[in-house]
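Below is one structure, written out as structure tokens; comments come after it.
The values are calculated or read from the model by the stated rules, or taken from the named source; none is laboratory data. Treat the numbers as computed from the prediction; the structure is a model and nothing was measured. Cβ placement follows ideal geometry from the backbone for every residue including glycine, while neighbour counts extend to all protein chains displayed.
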Amino acid sequence: MKLVKTRVEIEGTVHEELSLADEEPKPWGADADLRVVGVATAKIDGAERVTGRARYTSDVTLPGMLHAKAVRSPYAHARVKRLDASKALALPGVRAVISGENVPRVGWFNGTRLFDGVARFAGDEVAAVAADDEETAEEAVKLIEVEYEQLPFHLDAEEAAKAPPLHGSSNLIGGSPKTYRRGDVEKALREAEVVVEADYATQTEVHHCMETHGAVASWEGGRLTVWESTQSIQNVREELSEALGVPLGEVRVICHYVGGGFGSKQVAYKYTLIASLLSKMTGRPVRMLLSRREESLGTGNRQATTQHIRIAARSDGTLTAIDLAAMGEVGAYGEFGWMTEGPAQRLYACSNVRTVNGTYFTNLGPAKAFRGPGYAEGSFALESAIDELADRLGIDPLELRLRNYSEADPQTGRAYSQKRLRECYRRGAELIGWDGNWGRCVTGSRCRALGVATQIWGGGGGPPAYAWVKMSPDASFEVIVGGQDIGSGTKTCMAQIAAEELGVGIGRVRVRMGDTEAAPYAPVSSGSRTMPSVGPAVRQAAADARRQLIELAADYMDVPTDRIAFDGGSFTARPERSPYIGLEDLAAKVDELTILGRGVRGPNPRDVDLMTWGAQFADVEVDTLTGDVEVKRIVTVHDIGRVLNPLCAGGQLEGGVVQGIGYAFTEGRVVDRRDGVVLNPGLEDYLIPTAMDTPMIQTAFIDEADEAANSIGAKGLGEPPMIPTAPAVANAISRAIGVRIRSLPITREKILAALDEAKEGEGSR
Amino acid sequence: MNRFTHVDATSVEEAVRFLGDGARIIAGGTNILPLMKLGVAAPDKLVNIKGIPGLDTMTFDGPGLTIGALAKIDSVASDPQVRRRYPLLSQAASSIASPQIRNMATVGGNLTQEPRCWYYRGAHPCWLKGGRMCYAAVGENGKHAILGAGTCNSVQPSDLAPALVALDAEAEIATPEGTRVTPVEELFKTPTSDSRRLSTLRHDELLTRVTIPQPDEGDAGVYIKKMERRVWTFASASLAARLRFKGGAVAESRLVFGGVSQTPWRLREVERLLEGKTLTDEVIREASLTSTAGAQPLKYNAYKVRLAQAVVSEALRRLRLVDAA
């Protein structure tokens, strides 16, 4: 074991870190003969999930457990002048109230504290109650009298730029916009044969996880156990330890199943701290599970953006400049500015690129990462603008993309470990029936056409991640990982990897995840990183267990280890393939034989960049009289290296496209512009796509192992499918009706208004 | 949610005795329970009418189709006779919400449901709830009324309402004084400052049945609903249209908008215009443009004018095809 420096990219941001390196198994090459990995395998916990046996955080009940509810500010920005909980405390069944009056000093965000007397968005917590049941807690919340002093507030990036800072010295995160440049953009724009310039905007999208956010906290002496619906038991553990001043080893976080995260469940929230503090105050377990309305307000959303983009090109379509000025709005407690500018910097071979991105705090609910954060927003603008350029030049939009294909990372100059985007375009074009007319067809008021957009994203993963593989005396194996399966099939794929390496059937392998206790560290399930980060560690741990077993078998059979073959659950000695002993027999010979194999995710390869790619095509019909849009079909083709499990991977693609359809057409938080109150905090008015809104989705993979990436040849997939959906349908709509919608969501209102405007334009000409 | 008492009514007379100030009816619960959870409704007493016998039936006889107030939306949507004789009613019922809700919600509840305006259902002290102003008038009003709005700008959310008005249905209402019968159209009103409700039913009255006359020879009908998503939401604009054709011309018509005004909005001018006419493209165009006469769109809902006109065109074109067939 040694320490090496390595580059890791997560959600568009690259950082260097020191990582452990151990001897790695030789990568499974593209032509490796694998029997379990790569096979469509039903989820090993599927039966638990569909029969209701799976125990989610919302199912946790403990003896004596109390229920907590929060008092939330009705105002976008207010100071708590007076808070009187006496009536609530007098209500039978109420056990404790926590507020600014009695809270210990707990750091929260950017120098603010929990219950620090200022509410920074409508819905921000100002107090909480623990009671015997949820109804009593709700009643008590209404009995808490709060007198507020309303403060000035701002709701968008432009207002934020002029308003007094909500945190620190500026509403602009980092004090100045993130800027990037290569080449000479101004010169290229001046000398360009054609320039496309347009303003795009994307809305605030709410994650709306099926299982709302929530936690159950319980103390035993100085030891805290928290069940949390989370994408990272380790992050929650670390944050609780730090905020509450409890040693890391005294905090245990458990999460066996998650009803959706999509980026919004990567961290501890105020409710996690509140449940922990109320549990400490009352000496009883406390459950704090958010309602659907609360889920809408304060548990994350995708940043809203505005993007001004200029693209310069030669008349043959060669890009000569990309110039992007973006602004984002991340609410009162957004974490940082997402990489809206990522696609502009990295998708196309273009030597002159400038991006400026300013992200602002506002008096709204906090933005959190949302499936392809930054890249989904940025791809909508860039991939729409590329189509506008294609229209201007009269070049096929797919051909234009191919003419600007980048063989190396245009940002770093480094080669890619593997890039099969060209194959994605080709396969997708075949499947959708892309031709010179782009499927254009007009029948009365109904106009139909095809559109395309590209997916670029990281997803290479990296250290740190660890895994153990334990063999029990009954010769069954357990993969032990201190991470979580957020529903994407992580457990199943890990079982496949271990079974493959051990040469046993998948039925011999169980996977233990979702508990920080007695399990090695694994990272947050975000950034499409879980499989490429944890998967190789699992393989190494299985290889370690295998090596130990071979040593024991060799000793038992009294032959050198290099003559032992271990396959199909039995050991044979080469070349004569005898003597022979089965794994179970060996385990029976040695009393209570237990083996522990250990694995660590080694460093990423030097000198190459790890990326995932994809091409998505949409077939869309629009009725120009009513503004009705029907997405007839989506074809999505991706290159993620090796596909570990086509069943799980196909499901990820379909889910991503459906979420992309929601982003494109119906989803969006609506806020009253005069008071900052969210008007659609629930699923009656916040419209997620239904089965009827879901088009036919055809999925495909290039499925070629990326041997340079890691020992399993696979990269991540969670985020990619959502990234290109909105621009693909926007491009199809524009081709169908001849007018372009430059803001999301694409509503009937915008389509009808754009058609009217175009008609007026014609009339006045 | 507030504390309340819950009483089971076993007959219409008993239900009416239980009703009055502070009491609300519960049947399917899809309207009243969400309102109570939101804190918009806080009744002292819930009168459960689910146990009243005979109120959930649908009968076809001499006068036509009688539907009990407790009939489930799905019973109306999936009934083959309704589908055959009153296709527009079947279509309207099918367009409502989701299968789960259609299996719980009742015809009576659908007709008497409260507005879906997000200011009314949210924390804003809006005029309809007794406050001083309509927040939608100057706020986020993309979903609001373009026709006939008063102080309040919410829209009538019921899909059955325009359908039943187009079918000339009558409502039977139990009152402490006995039974009264009124056209369904008159169940709805624009809220006024002394009666901030969309319904003309008094608090001590119970809608018990609706009766739809037998269809006439030559009747054709259609219900078209435009939504922000394909299913399971309220109408941005809808139209219930019933035409009686005679010799290729329109002998009589009923056209009623949903989702664009506080009441089911009957297009009387268009009905007059169509009388005796053959549905040529020109007639349809005129009808379509006339349909939104007097519209006063707010800042964000002007698209509804064009959408409502498009819905009228679509409906008339489809009915023209029915007549041709």
Exercise. Say whether the condition of being more than 14 Å from every other protein chain (Cβ to nearest Cβ), over 21 Å from B:ILE25 (Cβ atoms) and either assigned to a helix (DSSP H, G or I) or touching a residue at least 40 places away in the same chain (Cβ under 8 Å) (or both) is met by at least one residue in the stretch B:91-99.
Key: yes
Exercise. Identify the residue in the stretch B:69-91 that is surrounded by 20 or more Cβ atoms within 10 Å (Cβ to Cβ) and among the charged types (D, E, K, R) and, among all such residues, is nearest to B:ALA241 (Cα to Cα).
Key: B:ASP79
Quiz item: What pairs can you find where one residue is in the stretch A:572-590 and acidic (Asp, Glu), the other is not in a helix (DSSP H, G or I), and their Cβ atoms are less than 7 Å apart, with a gap of 6+ or different chains?
Solution: A:GLU584/A:ALA475
Quiz item: Which one is farthest from A:ALA90 (Cα to Cα), of the residues in the stretch A:126-142 that are under 34 Å from the mean Cα position of the chain (by Cα) and away from every other protein chain (no Cβ under 14 Å)?
Solution: A:VAL126
Self-check item: Selected residue (criterion: surrounded by the fewest Cβ atoms within 10 Å (Cβ to Cβ)) from residues of the stretch A:74-97 that are within 14 Å of A:LEU143 (Cα to Cα) and within 14 Å of another protein chain (Cβ to nearest Cβ)
Solution: A:PRO92
Quiz item: When the residues of the stretch A:686-733 are filtered to those that are in contact (Cβ under 8 Å) with a residue 24 or more places away in the chain and among the polar types (S, T, N, Q), which remaining residue is farthest from the other protein chains (Cβ to nearest Cβ)?
Solution: A:SER711
Self-check item: Meets criteria (assigned to a loop (DSSP other than H, G, I, E, B) and more than 18 Å from A:GLY514 (Cβ to Cβ)) for A:VAL71
Solution: no
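Here's the yes/no breakdown for (1) more than 29 Å from A:GLY682 (Cβ to Cβ); (2) in contact (Cβ under 8 Å) with a residue 60 or more places away in the chain; (3) touching a strand residue (DSSP E or B) at 6+ places or on another chain (Cβ under 6 Å):
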residue: A:GLY222; (1), (2), (3): yes, no, no
residue: A:GLU228; (1), (2), (3): no, yes, yes
residue: A:LEU240; (1), (2), (3): yes, no, yes
residue: A:GLY245; (1), (2), (3): yes, no, no
residue: A:GLY260; (1), (2), (3): no, yes, no
residue: A:THR272; (1), (2), (3): no, no, yes
residue: A:MET281; (1), (2), (3): yes, yes, yes
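I'm trying to understand the selection: among the residues of the stretch A:621-666, which are more than 21 Å from the chain's Cα centre (by Cα) and more than 14 Å from every other protein chain (Cβ to nearest Cβ)?
First, pick out the residues of the stretch A:621-666 that are more than 21 Å from the chain's Cα centre (by Cα): A:621-635.
Across the stretch A:621-666, the qualifying residues are A:ARG633, A:ILE634, A:VAL635.
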Quiz item: Among the candidates B:ASP216, B:ASP323, B:ASP281, which residue alone is in contact with a Phe, Trp or Tyr (Cβ under 7 Å, 6 or more places away or on another chain) and farther than 25 Å from B:ASN110 by Cβ?
Solution: B:ASP323
Quiz item: Taking the stretch A:511-536 on its own, how many of its residues are charged (D, E, K, R) and assigned to a helix (DSSP H, G or I)?
Solution: 0
Practice problem: Enumerate the pairs (first residue in the stretch A:646-659 and touching a residue at least 12 places away in the same chain (Cβ under 8 Å) and closer than 19 Å to B:ARG229 by Cβ; second residue anywhere and among the hydroxyl-bearing types (Ser, Thr, Tyr) and part of a helix (DSSP H, G or I)) with beta-carbon separation below 6 Å, excluding pairs fewer than 6 apart on the same chain, so at least 6 apart or on different chains. | Solution: A:VAL657/A:THR725
Quiz item: strands (runs of 3 or more DSSP E) wholly in the stretch A:98-211 with at least 1 residues that are closer than 25 Å to A:SER291 by Cα - which ones?
Solution: A:125-131, A:145-150
Quiz item: Within the stretch B:131-154, can one find any residue that is over 27 Å from A:ALA122 (Cα atoms) and either touching a Pro at 6+ places or on another chain (Cβ under 6 Å) or facing chain A (nearest Cβ under 10 Å) (or both)?
Solution: yes
Practice problem: Please verify whether the stretch A:492-510 includes one or more residues that are within 28 Å of the chain's Cα centre (by Cα) and either closer than 21 Å to A:LEU248 by Cα or in a loop (DSSP other than H, G, I, E, B) (or both). | Solution: no
Quiz prompt | Residue satisfying condition, being closer than 23 Å to A:THR230 by Cα and among the small types (Gly, Ala, Ser), within set A:GLY38, A:GLY12 | solution = A:GLY12
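Is it fair to say B:GLU217 is farther than 30 Å from A:ILE661 by Cβ, surrounded by fewer than 21 Cβ atoms within 10 Å (Cβ to Cβ), modelled with pLDDT of 95 or more and away from chain A (no Cβ under 12 Å)?
On the way: farther than 30 Å from A:ILE661 by Cβ: yes; surrounded by fewer than 21 Cβ atoms within 10 Å (Cβ to Cβ): yes; modelled with pLDDT of 95 or more: no; away from chain A (no Cβ under 12 Å): yes.
Answer is no for this residue.
Residues checked against (1) crowded, with 24+ Cβ neighbours inside 10 Å; (2) closer than 30 Å to A:LEU297 by Cβ; (3) at pLDDT 95 or above:
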site	(1), (2), (3)
A:GLU654	no, yes, yes
A:ARG674	no, yes, yes
A:VAL678	yes, yes, yes
A:ILE688	no, yes, yes
A:THR699	no, no, yes
A:GLU707	no, no, yes
Quiz prompt | Counted residues, the stretch A:26-52 - those being surrounded by 11 or more Cβ atoms within 10 Å (Cβ to Cβ), assigned to a loop (DSSP other than H, G, I, E, B) and not aliphatic (A, V, I, L, M) | solution = 8
Self-check item: Filter pass, B:GLY29 being more than 23 Å from B:PRO162 (Cβ to Cβ), surrounded by fewer than 16 Cβ atoms within 10 Å (Cβ to Cβ), touching a residue at least 24 places away in the same chain (Cβ under 8 Å) and not charged (D, E, K, R)
Solution: no
Quiz item: Where in the stretch B:236-325 are there helices (runs of 4 or more DSSP H), lying wholly inside it, with at least 3 residues that are buried (at least 24 other Cβ atoms within 10 Å of the Cβ)?
Solution: B:303-324
Quiz item: Considering only the stretch A:743-759, how many residues are more than 11 Å from chain B (Cβ to nearest Cβ), under 16 Å from A:SER445 (Cα atoms) and among the acidic types (Asp, Glu)?
Solution: 0
Practice problem: Restrict the check to the stretch A:429-436 and report whether at least one residue is in a helix (DSSP H, G or I) and crowded, with 23+ Cβ neighbours inside 10 Å. | Solution: yes
Exercise. Please verify whether the stretch A:136-151 includes one or more residues that are modelled with pLDDT of 95 or more, surrounded by fewer than 16 Cβ atoms within 10 Å (Cβ to Cβ), under 16 Å from A:ASN363 (Cα atoms) and acidic (Asp, Glu).
Key: yes
